[in-house]
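Q: One structure coming up, written as structure tokens, with questions to follow.
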Ligand code: SF4
């Protein structure tokens, strides 16, 4: 049972919510959207949380679908990306295309440490020895700082991507970062995303068609063969399939100055 009719859901939802939504409220809302489109989830979230909401955009295929949807629903919504300093050239090119095509300038979130400062503090190529620490410095900490000013963030995660994402709600409370998390594509498959991109002529990273279904930082992303797990090209050789943004309590936020683990504790082969 839902507390509103489906026809009037977005406004009715806005009317019934109080300033803070409890976990039970969010579950109820998420369940309501299970048979609705990503755009309906987005419309509700924008109406409920603007201006304290932003889209996390890695410039991957899922996030590009959301950029396109958002450009048609609420183009002034903030979009941000985590610039680790080691993204592919094609990713930076796509960011520039987003600016040209949509008039949206993604906010660049930078780590506290430059690559040189990180190398001085933790040794060169930290990603080869302790990718968790490297992700913590270059992705998680900048995200913590940015999200602390928001009530909600929108992400492009899908339930079929990793075990940690399998139970993602369309709307849920993000215990790790302590704000509401909106996952409009949680129910979608990769094929549904690509269908949307093609039908709407959405630009995408050309690397996707060159054996890179999931694209992260250059040193930690390799090509995968047809039929392989799409995320198996990320952090090859490590027991790691998340950068620390979407794994909830299973990967707590490390202190900023955490010491690198010995390679034997991290590497699996
Ligand atoms: S994906 Fe690799 S290079 Fe990028 S932040 Fe994580 S460990 Fe560092």
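The values are calculated or read from the model by the stated rules, or taken from the named source; none is laboratory data. Keep in mind that what you see is a predicted model, and the values were worked out from it rather than measured. Heads up, the Cβs are rebuilt from the backbone with ideal geometry, glycines too, and the neighbour counts pull from every protein chain shown.
Q: Can you confirm whether the stretch 237-253 contains a residue that is modelled with pLDDT under 90, more than 30 Å from residue 25 (Cβ to Cβ), in a helix (DSSP H, G or I) and away from the ligand (no atom under 16 Å from the Cβ)? Walk me through it before giving the result.
A: Going through the stretch 237-253, the residues modelled with pLDDT under 90 turn out to be 237-253.
Those left that are additionally more than 30 Å from residue 25 (Cβ to Cβ): 237-241.
This time we only want the ones that are in a helix (DSSP H, G or I), so: none.
No; the residues of the stretch 237-253 include none that is modelled with pLDDT under 90, more than 30 Å from residue 25 (Cβ to Cβ), in a helix (DSSP H, G or I) and away from the ligand (no atom under 16 Å from the Cβ).
Q: For the stretch 56-71, which positions are farther than 16 Å from residue 198 by Cα and surrounded by fewer than 20 Cβ atoms within 10 Å (Cβ to Cβ)?
A: Answer for the stretch 56-71, where residues must be farther than 16 Å from residue 198 by Cα and surrounded by fewer than 20 Cβ atoms within 10 Å (Cβ to Cβ): just 71.
Q: OK, next. Sort out for me the strands (runs of 3 or more DSSP E) sitting completely within the stretch 80-177 that have 3 or more residues that are under 24 Å from residue 40 (Cβ atoms).
A: Details: elements: 107-109, 152-154, 171-174.
By residue number, 152-154, 171-174.
Q: Among the residues of the stretch 67-83, are any in contact (Cβ under 8 Å) with a residue 24 or more places away in the chain, within 15 Å of the ligand (Cβ to nearest atom) and within 14 Å of residue 155 (Cβ to Cβ)?
A: The answer is yes, given that some residue of the stretch 67-83 is in contact (Cβ under 8 Å) with a residue 24 or more places away in the chain, within 15 Å of the ligand (Cβ to nearest atom) and within 14 Å of residue 155 (Cβ to Cβ).
Q: Any chance you could count how many residues in the stretch 202-229 are more than 16 Å from the ligand (Cβ to nearest atom) and part of a helix (DSSP H, G or I)?
A: 4
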